[in-house]
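Have a look at the structure below, then the notes.
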Ligand code: LMR
């Protein structure tokens, strides 16, 4: 077979079906920053792509760009408003320039686990948050979960005092900045793709993230250990531009949004499992995980929780009360 004949044969069997889009199909570029293996977002994005490309063949064609290969999170929303990318799922910490309502989710110890985050998001107040940026041109489509954040550094972190004076990489969030300042630490905003190198070279001493991100980015390789603090939530908003959604025919939009909802339900139900698999994979790869006693953990709560007061106006006492009622 000539190369051309082989390509034809492969195309006929569908082997190339996910590569490249056909004429007339609406191309949906989905850019995100994480890996795809043992990662809640990576897996959900792949499932979304597989379903859209199978069920909307001829109408829509999705391409997923993981690992910051298309855009970093600090660029992707602007690129979306320019029409250069159609879908993204940045963490809720990355919408600061568009809305402050998501600050609730960054507040340390606000939600006791992912189920509590889910329950709040399912409430009217949570659902309204998806529409908080429409005036700025962005429409939230779904909340995708990841997990609770853990804390690591180039030295053991057992008590809050251990973080004092250390430089921590943070996502671009004022709440996270205040959280590390409350510990007497030095927070530095940095793109996700740069964290491993910064830890390795000592540009920063530590970081906070979920098990799947600590595993996926191999942070455990360049840290003393990771302390199981479960101190905050890391959650995502799948987002598209209002203009792009409006440009879709109603039938196409409905089918796409239905698939989105189904993928969201299916994958959000599995995040606890993926989280634990990533945690185990860290241990299997020789990473160290430090568990806190209840007394030790309480000391972190006492040190970090006071930052709530600084953001009361942004997040609303009624939302804090609702979150706390869910935790109870
Ligand atoms: C981070 O920047 O640490 C995370 O938001 C990355 C991600 O998408 O999980």
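The values are calculated or read from the model by the stated rules, or taken from the named source; none is laboratory data. Fair warning: this is a prediction, and the values are worked out from it, not measured in the lab. Note: ideal-geometry Cβ built from the backbone for every residue, glycine included; neighbour counts use all protein chains shown.
Summary of values
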read-out	value
Members of the range 283-307 found to be in contact with a helix residue (DSSP H, G or I) (Cβ under 7 Å, 6 or more places away or on another chain) and either over 27 Å from residue 222 (Cα atoms) or at pLDDT below 95 (or both), listed by number	306, 307
Flag for residue 292 being within 27 Å of residue 119 (Cα to Cα), over 24 Å from the mean Cα position of the chain (by Cα) and in contact (Cβ under 8 Å) with a residue 12 or more places away in the chain	yes
Only one of 282, 320 that is touching a strand residue (DSSP E or B) at 6+ places or on another chain (Cβ under 7 Å), part of a helix (DSSP H, G or I) and more than 21 Å from residue 161 (Cβ to Cβ)	282
Pairs, first without any contact (Cβ under 8 Å) to a residue 12 or more places away in the chain and at positive phi in the range 133-148, second assigned to a strand (DSSP E or B) and crowded, with 19+ Cβ neighbours inside 10 Å, C-beta under 8 Å, six or more apart	none
Residues of the range 3-36 that turn out to be modelled with pLDDT of 50 or more, surrounded by fewer than 15 Cβ atoms within 10 Å (Cβ to Cβ) and part of a loop (DSSP other than H, G, I, E, B), as a count	5
Candidate set from the range 89-128 (those that are free of Cβ contacts under 8 Å to residues at least 40 places away in the same chain and over 22 Å from residue 34 (Cβ atoms)); member that is farthest from the ligand (Cβ to nearest atom)	124
Residue satisfying condition, being under 17 Å from residue 223 (Cβ atoms), surrounded by fewer than 20 Cβ atoms within 10 Å (Cβ to Cβ) and within 17 Å of the chain's Cα centre (by Cα), within set 96, 194	194
Given (1) part of a loop (DSSP other than H, G, I, E, B); (2) farther than 24 Å from residue 269 by Cβ; (3) more than 16 Å from the ligand (Cβ to nearest atom), number of the condition residue 68 does not satisfy	(3)
Single residue of the range 71-83 satisfying the filter (surrounded by 18 or more Cβ atoms within 10 Å (Cβ to Cβ) and within 17 Å of residue 190 (Cα to Cα)) that is modelled with the lowest pLDDT	73
Matching residues, the range 48-82, being in contact with a helix residue (DSSP H, G or I) (Cβ under 7 Å, 6 or more places away or on another chain) and touching a residue at least 60 places away in the same chain (Cβ under 8 Å)	48, 51, 52, 55, 56, 59, 60, 68, 72, 73
Matching strands (runs of 3 or more DSSP E) fully within the range 150-261 where at least 2 residues are more than 15 Å from the ligand (Cβ to nearest atom) and touching a strand residue (DSSP E or B) at 6+ places or on another chain (Cβ under 7 Å)	225-241
Test for residue 162: is it under 27 Å from residue 298 (Cβ atoms), out of contact with any helix residue (DSSP H, G or I) (no Cβ under 8 Å at 6 or more places or on another chain), surrounded by fewer than 23 Cβ atoms within 10 Å (Cβ to Cβ) and free of Cβ contacts under 8 Å to residues at least 12 places away in the same chain	yes
Verdict on residue 112 being touching a strand residue (DSSP E or B) at 6+ places or on another chain (Cβ under 9 Å) and surrounded by fewer than 20 Cβ atoms within 10 Å (Cβ to Cβ)	yes
